[in-house]
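Report on the following structure.
The values are calculated or read from the model by the stated rules, or taken from the named source; none is laboratory data. Small disclaimer: the values here were computed from a predicted structure and weren't measured. No Cβ is skipped: glycine too gets one built from the backbone with ideal geometry, and neighbour counts run over all protein chains shown.
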């Protein structure tokens, strides 16, 4: 930890600086391989999505996909501050903030948003901004705040040293390549889905709900080492909503995350990282994108259910159908 | 709402009183609205509770995968998540470990302030670092961005509570030299530093009680990996297969918070105001309160432990450790006594829920 | 926030219309897949391991300097993966500091530099400091690009010196023209060229000892970071926008403001013939200023194919050309 000026707004750690625990494991006991999921590659994990849990904000949602847990609040639309420096805004100004809780990942995060959190925030912005009917809320601001409480990453393995006959070794771990893309991809897809639900809960008008999808392509490890890359590419395995640990004997090639508007069949946000061959034009990328879209469609089903549940709850409580206006159209949009 | 604008005409009759719907009344005159509720017989708060009633709460521990210990506390519409992560502080060769061993004497706020806020406390209190995060969109009122006044005050309060109660015993935080474990005096090579982060997910009053309870529950459920000094590599390594709990003090302290709300009362022909104590205030009540009273107490369940249903208030043995009343209103001794009783019963419920949660297999 | 343009709504509407014609008419009369001319120079800073200067008409001018420093692994004899990723540090700064230095100054533009609105733009609010989004995706492309996942080649492996020691690479991008939304092409071209021209001094001490490594001071025998004759090469990012059914490469600021959809596609050259692999795709924020309400809100799949296809078709030649220029300049010098 670099010696930085202490944050005077928070309680600070001891001035000596602290380091995250590093584990020592004997090579014989070896890396404990994460459990392989029995989930078929074309199935996404179960999503738990609930809206309206926070009473003091306009809209909120809570999403849970296996270890990933995140809470989203939507504040606003509220008027922009009336200062001379505020420019006129004909459309609502959307801001998105994504913050990991300090204890949400293997390496403890700081309190100030780091570059990857800012990056996630701006990609969430990109996914949502087109879907919101911003022209209906002039001179106002809509804030989407995401708090990630828990996420899936490599676990303590990143901080483990394997010892072999008294000397330490560093091997390239099985998740070495593309792991952060998969981890962040699953988080981003979750953020997009949950943020749409929270926006709907806040009653903000949208063109369509955006659902997030993520897919990764894998190739055989053996195929890669033995022959040229070109041969291995032919038998690809696509996994929707991938876990961090790749399937046995497979090596990740590329990950695609997207925000998808099912009713319009349009992609609002696209992020591909990794290697996508171009021997057959864009065919390889198409396959990957199609898989991610399929994942997003599955998530859309959950999103629709959550919206319906919420509407039902409001109808039961107030006996009016007034807030139904927006969500009722969503039900027809089931992709 | 019919609103009529009249010309101020002398000699006219009194204008008819304005009437509002209940929800509007609640918005435009919260103080009066609260008073009217509390003047009912029996006094009822706007949220339907009676003044001494606290909200129901739920506790879930160890639901997070990356924290060494965690707790989620939901009390009414206030929800907090507390996660604890241990990091290792390695003592440099020239350092004197006794700096970390002292409990920092009497943590008056002056010492405390320079200990924690300055260059990072080197005292014992510096090993446990609680922070509260409110910038999570938990409430419309609380702005996003760096911690504001409330978050800073809370972090400070919690830090002081950790120090003053000596909640965490130092034993489980020491890290020894692993290679000479049989020698008479094992050398301390480092310490675990505990980062306690409380995130407020939903804010509806009385966050201190919820946060403190979450901290205690999370600490209670924490497991740290077994760490020792490795001489070959010259750094502290952890054993991925062995974990130990953090040892806490014997009887756990809990806080109970009351809001003092002034209500008009006539005593002996004189019309004045007396303070009514509201247990576990929500944010609407907190906004109107003239003062907040916090009692830190430990409760010994005695023989009744384990069977909550047979617990009666009389059997509880309560020790008050700290009363925080910042001044601003006067309070009778009998009222303080009542509060202590309520605090005792609440602490008993806390302990009971915690014990139940610990027993539940994960 | 889309990049601010001096154009008024009617002007943007006019631009939108002319770009959606078949064939489209661009303001500067370029073909849809035609790039703007650039002036490129590399290895001109004597104190850097690698450097480049790119000057693009309208899009501005940018200098990249790469410094490599010897660093001891943070831990004694090994590096955990997290530590390894810190071996490369990318920072993007704007000269004069008027825009990026003070994040709050660029009303709503966010902190730091946002690339054509990819990052740091709408999402980030003014109080964040730091490098904004540009540095994030430049580094992401660098780590993913070239061999990328699976092929087992990583730029990080090239940075290992000996046991316990590695090079730390500081990539400093300096934008000479004050804009909060520089073209991604400008930055990535500059970084690409600087990386191609980066040479590290040759190690003279043995590989397997823990002592401070020593190096030869003869630059004639220094080793290149990227082998000039083999692959992979440093990646390059191409922006592409769509208006109606038309796809435009290397859009100008005004075109980004009028466009309906935008992508930044990162490519890496894989063989002599100039075919490349896609190593990354990111959405780029565009102005959506000229279109009518309720039209396109995202990218359809057909359009996506067209956009990526156009990039892949043109990119090989561009990267190859750039590589050859770098080579020529390096050996002339």
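Checked against the criterion of being farther than 29 Å from residue B:196 by Cα, loosely packed, with under 15 Cβ neighbours inside 10 Å, away from chain B (no Cβ under 12 Å) and out of contact with any helix residue (DSSP H, G or I) (no Cβ under 9 Å at 6 or more places or on another chain), the range A:89-112 has no qualifying residue.
A quick yes/no check of all residues on (1) assigned to a loop (DSSP other than H, G, I, E, B); (2) more than 15 Å from residue C:175 (Cβ to Cβ); (3) at pLDDT 55 or above:
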site: C:52; (1), (2), (3): no, no, yes
site: C:55; (1), (2), (3): no, no, yes
site: C:58; (1), (2), (3): yes, no, yes
site: C:66; (1), (2), (3): no, yes, yes
site: C:74; (1), (2), (3): yes, yes, yes
site: C:86; (1), (2), (3): no, yes, yes
site: C:98; (1), (2), (3): yes, no, no
site: C:104; (1), (2), (3): no, yes, no
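Of the helices (runs of 4 or more DSSP H) lying entirely inside the range A:168-252, those carrying at least 1 residues that are at pLDDT 85 or above are A:179-201.
Would you confirm, using the coordinates I've provided, whether residue B:204 is closer than 25 Å to residue B:38 by Cβ and assigned to a loop (DSSP other than H, G, I, E, B)? Spelling it out, residue B:204 is indeed closer than 25 Å to residue B:38 by Cβ and assigned to a loop (DSSP other than H, G, I, E, B). Being at pLDDT below 85 and not in a loop (DSSP other than H, G, I, E, B) is a description that applies to residue B:27. Each residue in the range B:141-180 was checked for being assigned to a loop (DSSP other than H, G, I, E, B), within 30 Å of residue B:232 (Cβ to Cβ), in contact (Cβ under 8 Å) with a residue 12 or more places away in the chain and more than 11 Å from chain A (Cβ to nearest Cβ), and 1 of them qualify. Of all residue pairs spaced 6 or more apart or on separate chains, those with beta-carbon atoms under 6 Å, a first member in the range C:314-333 that is farther than 14 Å from residue C:272 by Cα and a second member that is part of a helix (DSSP H, G or I) are C:326/C:193; C:326/C:196. Within the range B:121-134, restricting attention to residues that are within 8 Å of another protein chain (Cβ to nearest Cβ) and under 15 Å from residue B:197 (Cα atoms), the residue that is surrounded by the most Cβ atoms within 10 Å (Cβ to Cβ) is B:130.
In the range B:222-254, the qualifying residues are those that are free of Cβ contacts under 8 Å to residues at least 12 places away in the same chain and not in a strand (DSSP E or B), and the one that is nearest to residue B:92 (Cα to Cα) is B:234.
Taken over the range C:33-56, the criterion of being surrounded by fewer than 17 Cβ atoms within 10 Å (Cβ to Cβ) and farther than 14 Å from residue C:325 by Cβ is satisfied by C:33, C:34, C:46, C:47.
Of all residues in the range C:303-322, those satisfying the criterion of being more than 9 Å from every other protein chain (Cβ to nearest Cβ) and in contact with a helix residue (DSSP H, G or I) (Cβ under 8 Å, 6 or more places away or on another chain) are C:319, C:322. For the range C:164-173, state whether one or more residues are modelled with pLDDT under 85, surrounded by 16 or more Cβ atoms within 10 Å (Cβ to Cβ) and on the phi > 0 side of the Ramachandran plot. So far as the range C:164-173 goes, yes, one or more of its residues are modelled with pLDDT under 85, surrounded by 16 or more Cβ atoms within 10 Å (Cβ to Cβ) and on the phi > 0 side of the Ramachandran plot.
For every residue, the table says whether it meets (1) touching a helix residue (DSSP H, G or I) at 6+ places or on another chain (Cβ under 8 Å); (2) without any contact (Cβ under 8 Å) to a residue 60 or more places away in the chain.
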| position | (1), (2) |
| --- | --- |
| C:18 | no, yes |
| C:27 | yes, no |
| C:38 | yes, no |
| C:42 | yes, no |
| C:45 | no, yes |
| C:70 | no, no |
